[in-house]
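A short worksheet on the structure shown next.
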Amino acid sequence: MVVMTRAFQIPQQRQLKTELPGPRSIALQQRRVASVSRGAGTLANIYMERGDGAILVDVDGNQLIDLGSGIGVNTIGHAHPDVAAAAAEQASRLTHTLFTVTPYENYVRVAEKLAELTPGDFEKHSILVNSGAEAVENAVKIARKYTGRRAIAALDHAFHGRTNLTMTMTYRPWPERAGMGPFPGEIYSVPTSYPYRDGLSGAEAAARTIDYITTHIGATELAALFVEPVQGDGGVVIPAPGYFEALREFCTENGIVFVADEIQTGMARTGAWYAMEHVGIVPDLVTTAKGIAGGFPLAAVTGRAEIMDAVQPGGIGGTFGGNPVSTAAALAVLDIIERENLNAEAQRVEATLRARIGNWTERFPIVGEVRGIGAMFGIELVHPGTREQNPEALTAVIRYATSHGVIPLDSGSWDSVLRLMPPVVISDELIDDAASVLEEALASVG
Ligand SMILES: *Cc1c(COP(=O)(O)O)cnc(C)c1O
């Protein structure tokens, strides 16, 4: 299929002029350790100056291939001129009123678009906030208010954020939680479906989840069940077919709000506006963030009007939420996804990746599984001949890749899943070049 894509200002090629990190990055890194908290850990200390499409240019003039999109944010590619123009135009006219003091149209237009794009054919309302974690927090508050119940369930291996409430819903203790409690009560981690590791069918895994909920929490005590259609930070874990269908039915039968956290999977990432479309599931609430505004801070909770309106006026909101510039950027992004047919582009990336890296399990003994959907892939690294997690190999692969001009992501509860989430406008040639570098990396580790 031929899709019209935009022309890029920076040639879509990897090009190295210095060792990585280069001298200017090294100098910046020295200033950084003297001024920035160590708690903001960094994957690669290569300082970036600009970007275009799937290419990042660092402060030493090196051109690197972006396989991470800043964790699924720059889905439409870096520095789209229409997003820049929309944001600049808005910034020169009005940057803030606070929607809850005096409103403006952009906010309403984004809410209208979200009602149209999220799964489900019913009246939907939205609230706009600044970050994914803030969206999840608001979804918790809204579900509790609507149901009058307190308990919240999140799945094993989930990632929902780093605020006090959301780090509690995030699965692993290290590094997201350790030493930073106390944690709020009535948050439960429940078993999920992880086909490579549990070997269960979707129906079996769902029965296990439901049994855990009924015996540890009580179905009628549960306000909401939070799921990610594909667990991103958890290691690109795609539940077995039928898993979500059974959970959706269980929630409907028991008055539990079914929340799809599509912060990482939404906005063309998986080849659809929302990943739940692939399994035909209609959530009660959906959270959106990362890819919605091309890097400007914006997040949303969208869902059934009667649930979203259960909260008293003033009960949810915030100073910067849905600010005029972020919403202007989001409207441009939504338009670009439609106009440049970026859901189809994500499907092309999936086909190219599958053909290119699908046989890595046969070629590299440390590759246990290659899995993915759209422009979202996970390569689970193991000790050869076993399914034992291999985080040391992941560290080595990432170090090799980043020092050779390719920026992938890490993931997984054991830090053993190489995650690829390039901008969906990445060319097949760039995918091929990046895959060659990753193959050298895997070979050098194996
Ligand atoms: C990134 C992410 C969050 C948190 O978003 P922030 O903007 O970093 O607060 C929550 N849920 C999922 C699924 C995410 O990927």
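The values are calculated or read from the model by the stated rules, or taken from the named source; none is laboratory data. Predicted, not measured: the structure shown is a model, and the values here were computed from it. A quick note on method: Cβ atoms are made from the backbone with ideal geometry, for glycine too, and the neighbour counts reach across all protein chains shown. Side chains are part of the model used for accessible areas, which takes the heavy atoms of the whole protein and leaves out ligands, DNA and RNA. Shrake-Rupley method; radii C 1.70, N 1.55, O 1.52, S 1.80 Å.
Numerical summary
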{"quantity": "Breaking point among (1) open to solvent by 20 Å² or more (accessible area, probe 1.4 Å); (2) in a loop (DSSP other than H, G, I, E, B), for Ile10", "calculated": "(1)"}
{"quantity": "Filtered residue count, the stretch 282-305, keeping only those that are part of a loop (DSSP other than H, G, I, E, B), more than 14 Å from the ligand (Cβ to nearest atom) and in contact with a strand residue (DSSP E or B) (Cβ under 7 Å, 6 or more places away or on another chain)", "calculated": "1"}
{"quantity": "Selected residue (only one of Gly303, Gly280 is in the same structural domain as Arg149 (by TED's automatic domain parsing), in contact with an Asp or Glu (Cβ under 7 Å, 6 or more places away or on another chain) and not aromatic (Phe, Trp, Tyr))", "calculated": "Gly303"}
{"quantity": "Condition check for Gly291: open to solvent by 10 Å² or more (accessible area, probe 1.4 Å), in contact with a helix residue (DSSP H, G or I) (Cβ under 8 Å, 6 or more places away or on another chain) and closer than 18 Å to Gly70 by Cα", "calculated": "no"}
{"quantity": "Residue in the stretch 239-253 that is over 30 Å from Pro422 (Cα atoms), open to solvent by 10 Å² or more (accessible area, probe 1.4 Å), hydrophobic (A, V, I, L, M, F, W, C) and assigned to a loop (DSSP other than H, G, I, E, B) present", "calculated": "no"}
{"quantity": "Residue count, the stretch 17-49 (criterion: within 24 Å of Val425 (Cα to Cα) and either assigned by TED's automatic domain parsing to the domain that holds Gln264 or surrounded by 14 or more Cβ atoms within 10 Å (Cβ to Cβ) (or both))", "calculated": "5"}
{"quantity": "Failed criterion for Val311 (all others in (1) under 23 Å from Val140 (Cα atoms); (2) within 15 Å of the ligand (Cβ to nearest atom) hold)", "calculated": "(2)"}
{"quantity": "The lone exception for Arg6 - which of (1) basic (Lys, Arg); (2) within 25 Å of Thr265 (Cβ to Cβ); (3) within 23 Å of the chain's Cα centre (by Cα) it fails", "calculated": "(3)"}
{"quantity": "Set Arg269, Arg248: member being at pLDDT 95 or above, under 29 Å from Ala151 (Cα atoms) and either in the same structural domain as Ala115 (by TED's automatic domain parsing) or more than 15 Å from the ligand (Cβ to nearest atom) (or both)", "calculated": "Arg248"}
{"quantity": "Scan of the stretch 70-91 for residues that are under 20 Å from Gly322 (Cβ atoms), more than 16 Å from the ligand (Cβ to nearest atom) and part of a loop (DSSP other than H, G, I, E, B), ordered by number", "calculated": "Ile76"}
